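See structure below.
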Amino acid sequence: MDKSLTTTLLFSFFLLISLSVSSLAQSCSSNSSFSRNRIYSACNDLSQLSCSLHWNYHQSNMTADIAFRKTGASTSNWIAWALNPTGGRMAGSQALVAYQQSNGTMRVYTAQVGATGSMPPAALSFEVPSISAEIVGGDMIIFATLQLSTSLVSTNQVWQEGPLSGEAPVQHPLNAENRQSVGTVNFVSGSVTSTGAATTPKDRRRNVHGVLNAVSWGILMPVGIIIARYLKVFKSAGPAWFYLHAICQTSGYAVGVAGWATGIKLGSDSPGITYDTHRKLGITIFALGTLQVLALLLRPKPDHKYRLYWNIYHHTIGYTTVILSIVNIFEGFDVLDREKNWRKAYIGVLIFLGAVAVVLEAVTWLIVIKRKKTASSDKHVNGVNGYGSRVQQTA
């Protein structure tokens, strides 16, 4: 029983590690469930604002049924998706606008966006036979049927979100993400490009920094602790639990050092931009992780008189490092504001690890209690036999 359970647990741990990096990003195809059993043959993740576009194009009459989805939408914000054959900008575009009203119902309408960004209701330069909107599971979705012309089959697209003032949309923020929410769409080929959001080397380093630290400090380190705390209880694990623990922790530290180095580089390349809490926590975590690694060189033998104090130190630093790492990973997600799917995926990983820990805590306690009962019973039996034999010898 111990052997099969240990094998299952080890398989689960390493399956989790192998899947965690890929799970940090989700595609529109994995988020393509819509009400009324709507199904779309084409979908593309848009580069900014956690949005995606889904559609069916009907060649015979040049219409397109579209669904524009904003993941993690705020009910205090409006969303909009637009076509603009005159250029890659919001001003002058033909837009579909939606938001939730104070009474909980959705308002959705068409608008020709003015030069100042105003979006009063207006008919578009092309027909929109149907339009509706809904908010489901935190996602705000606009559904519409568009009657396209030849010039609109492949053209510029723009998407946005911004705040409401009372019941009216007002100017969207002018940060980098909003300014880069522009690209092209080809309804026939199914291709989408993001002309306004070319990935810069700094963007790539930020993403690499985030993934390295989430996987190292936020996944490998907790998995190593779970292995050390629970697998050693199973006799069939033998010394393997220690080697697995050491592999997880040293690998986590090595990957974490790479993530820390990319963070230092990002800081030096971004003068005037500081994330104080994230930076201070990162330095603290790196220092604690380094102390843990150095402490391995001073680890006393199990029967040494100082081994108890070393164990207390080792456990305290280890748990503190993991707790601070998880906090700092969420600080990093706040910096990478647009990567809300990463946050959701990591929360899922933490829930999984927490569930595994709870189950193992219960299982290992049952095993320990059972062993104590067995040991107590054996001691009692040996004591009786020993007393009987001594009486016989005396006789």
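Overview of results
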{"item": "Simple spin-label estimate for residue 246 and residue 350 in nanometres, 7 Å along Cα-Cβ", "result": "3.2"}
{"item": "Relative contact order computed over the range 200-375 (Cα-Cα under 8 Å; 6+ residues apart), in percent", "result": "29"}
{"item": "Per residue solvent-accessible surface (Å²) - the range 35-193, probe of 1.4 Å", "result": "42"}
{"item": "Dipole magnitude of the range 75-230 about its Cα centre (Cβ charges: Lys, Arg +1; Asp, Glu -1), debye to nearest 20", "result": "620"}
{"item": "Relative contact order of the range 35-193, defined on C-alpha pairs under 8 angstrom at six or more residues apart (%)", "result": "25"}
{"item": "Label-to-label distance, nm, for residues given as residue 102 and residue 154 (7 Å Cα→Cβ offset)", "result": "4.8"}
{"item": "The range 200-375 - accessible surface per residue (Å², probe 1.4 Å)", "result": "56"}
{"item": "Among 335, 243, 323 - extreme Cα towards positive end, dipole of the range 200-375, charges at beta-carbon", "result": "243"}
{"item": "Full-stretch length increase - residue 125, residue 309 - with 0.36 nm per residue and alpha-carbon distance subtracted", "result": "58.6 nm"}
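The values are calculated or read from the model by the stated rules, or taken from the named source; none is laboratory data. Keep in mind that what you see is a predicted model, and the values were worked out from it rather than measured. Ideal geometry is used to build each Cβ from the backbone, glycine not excepted, and the neighbour counts take in all protein chains shown. Calculation scope for accessible area: heavy atoms of the full protein, side chains included, ligands and nucleic acids excluded. Shrake-Rupley method; radii C 1.70, N 1.55, O 1.52, S 1.80 Å.
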